[in-house]
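The numbers here are math on the coordinates, done by the rules we state, and not lab data. All values reported here derive from a predicted model rather than from experimental measurement. Here Cβ is always computed from backbone atoms with ideal geometry, including for glycine, and neighbour counts include all displayed protein chains.
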Amino acid sequence: MEKKYIVKFAVRSFVARIIQYTRYLKYRTIGLDLHPTVIIERNTNIDRLYPAGIHIGKNSLIASQVSIMSHDHCKRVNGQPYMADVYIGERCFVAIGAIILPGITIGDEVIVGAGSVVTKDVPSHSIVAGNPAKIIRSGIEMSEIAALINWSNKKNKIQ
């Protein structure tokens, strides 16, 4: 019985890795700069006009319904939309429904709260939430699978 369970678990794990890798290849073909360990859930809105401007680091997780934009139609350069690269660091978690605007840099080990609109750069080791997103906690640590493992008890003042 135990052996059967181990084999079943190994097969599921292997299939999950294949699915993750095929998604990685799919996103790489449209020009995204992704590390192979990035997980992007379904129904994400990845910029189609300038996908090469989106860079996501190792072991980050992007939840469903997240919008990541790397162009701005309101700002124009020689009649063309303004293109600006978006950088998401390592071991980050972007929660469901968040919006990341063009030209934003999100540091390593960051949590972006659900429904947040990120309009400014986010420093490493912090949690941001709200519209516009503001730092609500800093000094956090994330595990290799982008899970929160440690945070300081000191709450930052919202500026």
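Summing +1 for each Lys or Arg and -1 for each Asp or Glu among the other residues whose beta-carbon sits under 14 angstrom from that of Glu144 gives -2.
Neighbours of Asp85, meaning other residues whose beta-carbon lies under 11 angstrom from its beta-carbon, give a summed charge of -2 when Lys and Arg score +1 and Asp and Glu score -1. The modelled label-to-label distance between Leu49 and Ser64, using points 7 Å beyond Cα along the C-beta direction, is 2.8 nm.
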